[in-house]
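Undergrad: A single structure is presented below for examination.
All of the numbers you see were taken from the coordinates with simple rules; none came from a lab. This one's a predicted model, so the numbers in the text were calculated from it and none came from an experiment. So basically every Cβ, Gly included, is an ideal-geometry build from the backbone, and we count neighbours across all protein chains shown.
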Amino acid sequence: MTGRPVAFAAVLACLAMAPHAWAAGGGGEKKELPHLGPTKAVVLKALKGTTDAVGLKINVTQVNFPGVPERAACRMTVRVSNPGSRPMATHLLLKTFDTYKAAANTWLIPTGEVAPGATVERLYSCKMAQFLVFDQDSASAWPNRCTVEGEESSPCPVGLLFETNLNLTEAAAIDGGGGAKGGGH
């Protein structure tokens, strides 16, 4: 009976070390894991004048749980906070892409009305992603539409502070850049 707890502890220790071994490229091909913790903070301005420099704070965090493909897991948490003094609601259109810039997931995320000082959190299942695109062209989503103090506004007068642990990029960077010129500048 004493062998089981020791064996169980050894298995737990191996599982705890697995992400570090993968990140270091231990065995076989090198695996690149996304950073954990917010690495980007970008202020997205409203389309028309507003007294709120930042109306809502959006934090998108992806967490990957390693394992064989059928057991590996990916979860994305979207946390929306309202540090302002007015209740606000909007939709966000998010798209994720893998290391090879192939589409992974697309979500239209409703925040619901977020009261001043309140936070709303949503949990989504996802495929492992490396890049995140915040699509600003959706007619029903921010910045084209939102609700402030119960009144719908289009275009939305609310700015966002956006943080993520993925590489936040523009759609043009994913699809080849359209008219971007080489040279690395």
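Undergrad: Apply the a/c threshold of 1.5 to the C-alpha gyration tensor of segment 33-173 and tell me whether it is rounded, prolate or oblate.
TA: Numbers: a/c = 2.18, a/b = 1.82, b/c = 1.20.
Judged from the Cα gyration tensor, segment 33-173 comes out prolate (a/c at least 1.5, a/b above b/c).
Undergrad: Counting other beta carbons within 10 Å of each residue's own, what order do Tyr100, Tyr124 fall into, fewest first?
TA: Values: Tyr100 6, Tyr124 15.
So the residues, fewest neighbours to most, are Tyr100, Tyr124.
Undergrad: If you don't mind, another one. Roughly how many nanometres apart are two label points built 7 Å out from the Cα toward the Cβ at Glu149 and Leu123?
TA: For the pair Glu149/Leu123, the computed spacing is 3.6 nm.
Undergrad: Where a ≥ b ≥ c are the square roots of the eigenvalues of the C-alpha gyration tensor, would you call segment 86-165 rounded, which needs a/c under 1.5, or, failing that, prolate if a/b is larger than b/c, or oblate?
TA: Values: a/c = 2.61, a/b = 1.82, b/c = 1.44.
Taking the square roots of the gyration eigenvalues as a ≥ b ≥ c, segment 86-165 is prolate.
Undergrad: Counting only other residues whose beta carbon sits under 15 Å from that of Gly150, what net charge do I get with K and R as +1, D and E as -1?
TA: Computed value for this residue: -2.
Undergrad: Place a label point 7 angstrom from the Cα of Ala72 along the Cα-to-Cβ direction, then list the residues of segment 124-146 whose backbone nitrogen is under 12 Å away.
TA: Residues 127-130 fall inside that zone.
Undergrad: While we're looking at this one, here's another question. Ranked by Cβ crowding within 10 angstrom, fewest neighbours first, how are Met128, Met76 ordered?
TA: Numbers: Met128 19, Met76 25.
Ordered from fewest to most neighbouring Cβ atoms within 10 Å, Met128, Met76 come out as Met128, Met76.
Undergrad: What percent does the relative contact order of segment 33-173 come to when contacts are Cα pairs within less than 8 Å and at least six residues apart?
TA: On the way: 365 pairs, mean separation 50.7, N = 141.
It rounds to 36 percent for segment 33-173.
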